[in-house]
Amino acid sequence: RPVAFAHIWKSWFSNYSLLGKKNIILMGPPGAGKTTVGRIVGQKLDCPVIDIDDDILERTWNMSVSEKLQDVGFEEFLEEEGKALLKFSASGSVISLSGSNPMHAAGMQHIKKNGIVVYLDVPTRVIMSRLKSMEMDRIVGLSPGTSLKDILQFRKQFYKRWFDIRVLCGGEVAAEVVAEKVLDAVKRYQDSELETFISTRSRRSGRSTEEDSHKIYFSDVVTQGLALDGGLFVPERGLPKFTAEEWQGLIEATYIERAQVILERCIHPADIPASKLAEIIETAYGENFSCSKVAPVRHLAGNQFLLELFHGPTASFKDFALQLVPHLFAYCIPRSCNYLILVATSGDTGSAALDGFSRLPDTDKQRIALVNFFPEDGVSPIQKSQMIGCQKENAWSVGVKSDFDFCQTAIKKIFTNSDFTGFLTVEYGTALAAANSINWARLLPQMVYHASAYLDLVHQGIIAFGRPVDICIPTGNFGNMLAAFYAKMMGIPIRKCICASNENNVLTDFIRTGVYDLRGRKLICSFSPAVDILKSSNLERYLHLIANEDGQLVAQLFSHLENQGHFQLRKDLLGKLQQDLVAGWCSDEDCLAAIHSVFSTTGYLLDTHTAVAKVVADRLQDRTCPIIISSTAHYSKFAPAILRALRISEINQNPLSQLYLLSSYSALPPIHWGLLETLKKTRNGHHQVCAADTNVLMSHIETLIQNYFM
């Protein structure tokens, strides 16, 4: 595959010394501790320390900063401050900026050329408390008609524009601790070699052949999706950890702010700089979600809360990843190659991927296209109509005469067929990539909403930070559950992770017995099709984790599953698994009964998948702590089943008529109007259908490449 420019940049920067000619530039609001922290960092590095206020501005002006501000006023002060910054130069120093320096673009561009800008991100409430105790009287912009909180909030946009590294600073964190965090962050920034990825099937005692040839970075796993040995990519050194103080600093943050902080820790700036990542996150979640809170938490009843994950454009939790991943992908891929994204879906992934990749800028759509394979008769009528309606010039849906497991297995086989992928690259200049949850980048946004849900409960006063919650998730491919477990590893106090299955309950059996057994099992089509899955791909990542990254064992287990149809965990591993996970399942009848019961008592309509989780949560929770149920899709997508649950005897087969009928119930939440608009477009829509044969899918892929890219 082509070598990305990012690799060259990484190699150069990781060899650059922490004590080279670059400056460490501390930036943040007044009261963030820049001066004190700067002195400590300078002492530790034995290098010059420069405070812009005291050492540059006051000496240049021959008066104090507060006197200058009073003398010339707010706007002229910013200009004079910027001019002083433009005349300033230094190297190999620690520089503490003033709180208002970042508001002068030319000055910041000048000083940033020779430095790494570190943003000391302190919660607004902490800053206000500090400034009050300091009796600070020189806040630029503070006037009788403007509140301090408004000024601090306004300035955040400038800090976000300039920083290379963010350091979270909690309320009572000592300056010495913050200084250590600054040094650690700068070292991480300089050394991307620490953040590489391995396959879940790589040898425990060494690296795989693929890993020996070149190190694998985030930008690689986004584009490759699946490792060449058939395994899934995971971070070689694990996930970042947040302290309790750092999490608490995000309690008052918006969803977008939380997402940026968490993803900055998971994606090295050599792969995607913080400023670009912020732009991508804002694009993904800024306007495409119908709810300003993006992923709100709603009280259902008793100790049960719903995490509403259906406010995106295609009405399911898949939008969280698939509004973001296309932009990550477009940024990371080399410009010298076209890419065709392959997707297998059991329902919601297809429309979410089609919508997400079709929203790319036109320049990116010219080199990135997507084909979505779904079981022709294994999704709900509305899901099918939605996938047809979401087709665009660079995104297509293909029905397959089989089930989801065939679609997913076929795509894995295609990716590991080096003859075919090599042929496409040589003949058409086109590489294949995956957007399914086997792609590591798909999991990262899901970690965010699980963490955010917990922080929302704290913010609402439901629990104090540090108190545990349980999480219950309708589970098929195990990606959403794995993301919740990852959030727990990163420091969110999750007690039980409860897997909820429908009658395709292979995961429930596995979690209870340690035996993953597909022999004699046939997929059952249910009212909750997104979890009509027998082979849970992301389970491999979890097993790799609890097996102490023993890739050889993982390879043996999944080889046995592929060839013999089953495998059994060792007793010690089963013990670890059962400490983390519990599981249950429910029938279609119980699912519909739960929908009817909840609507009758609360006026709230659950979708069929959320109802599965609700039934299992009722059975398995002990009610000693709050339980967050992931509401993974909007009920509008499963209108026939919902109408049946509401005991409507005659159901019109027209999807639009079904939605209009549901809207007449005035339920919470209201009908998903984005879905309604998409369905209106499908009246004259069409899609292609192919046989359940991997060779047929490969032929179809080649034809699409010929027609679109050539």
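The values are calculated or read from the model by the stated rules, or taken from the named source; none is laboratory data. Note that the coordinates shown come from a computational prediction; the quantities given were computed from them, not determined experimentally. In this analysis, Cβ positions are derived from the backbone assuming ideal geometry, glycine residues included, and neighbour counts consider all displayed protein chains. These accessible areas exclude ligands, DNA and RNA; they are computed on the full protein's heavy atoms, side chains included. Shrake-Rupley method; radii C 1.70, N 1.55, O 1.52, S 1.80 Å.
So the values come out like this:
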read-out	value
Hey, Ser501 crowded, with 20+ Cβ neighbours inside 10 Å, touching a Leu at 6+ places or on another chain (Cβ under 8 Å) and under 26 Å from Phe329 (Cα atoms) or not	no
Subset of segment 383-419 (residues that are assigned to a helix (DSSP H, G or I), polar (S, T, N, Q) and open to solvent by 50 Å² or more (accessible area, probe 1.4 Å))	Ser418
Residue that is surrounded by the fewest Cβ atoms within 10 Å (Cβ to Cβ) [pool: residues in segment 135-192 that are among the β-branched types (Val, Ile, Thr) and over 29 Å from the mean Cα position of the chain (by Cα)]	Thr146
Selection within segment 544-576 - surrounded by fewer than 21 Cβ atoms within 10 Å (Cβ to Cβ), assigned to a helix (DSSP H, G or I) and within 25 Å of the chain's Cα centre (by Cα)	Leu545, Ile546
Tally, over segment 606-621, of residues that are open to solvent by less than 10 Å² (accessible area, probe 1.4 Å) and within 24 Å of His672 (Cβ to Cβ)	9
Residues that are more than 20 Å from Ala593 (Cα to Cα), outside any strand (DSSP E or B) and of a type outside the set (D, E, K, R), drawn from segment 616-633	Thr624, Cys625, Pro626
Every residue from segment 242-257 that is part of a helix (DSSP H, G or I) and farther than 24 Å from Ser192 by Cβ	Ala244, Glu245, Trp247, Gln248, Tyr255, Ile256, Glu257
Residue in segment 420-433 that is at pLDDT below 90, within 26 Å of the chain's Cα centre (by Cα), in a strand (DSSP E or B) and aliphatic (A, V, I, L, M) present	yes
Counted residues, segment 85-110 - those being open to solvent by 10 Å² or more (accessible area, probe 1.4 Å) and not in a loop (DSSP other than H, G, I, E, B)	6
Matching residues, segment 48-59, being open to solvent by 30 Å² or more (accessible area, probe 1.4 Å) and either over 30 Å from Leu183 (Cβ atoms) or not β-branched (Val, Ile, Thr) (or both)	Pro48, Asp54, Asp55, Glu58, Arg59
Residue match in segment 684-697 (condition: among the charged types (D, E, K, R) and either part of a loop (DSSP other than H, G, I, E, B) or under 15 Å from Phe420 (Cα atoms) (or both))	yes
Qualifying residue in segment 201-209 (condition: more than 15 Å from the chain's Cα centre (by Cα), open to solvent by less than 40 Å² (accessible area, probe 1.4 Å) and closer than 23 Å to Asn439 by Cβ)	yes
Every residue from segment 634-656 that is more than 31 Å from the chain's Cα centre (by Cα), open to solvent by less than 50 Å² (accessible area, probe 1.4 Å) and either under 21 Å from Gly378 (Cβ atoms) or polar (S, T, N, Q) (or both)	Pro640, Leu643, Ala645, Ile651, Pro655
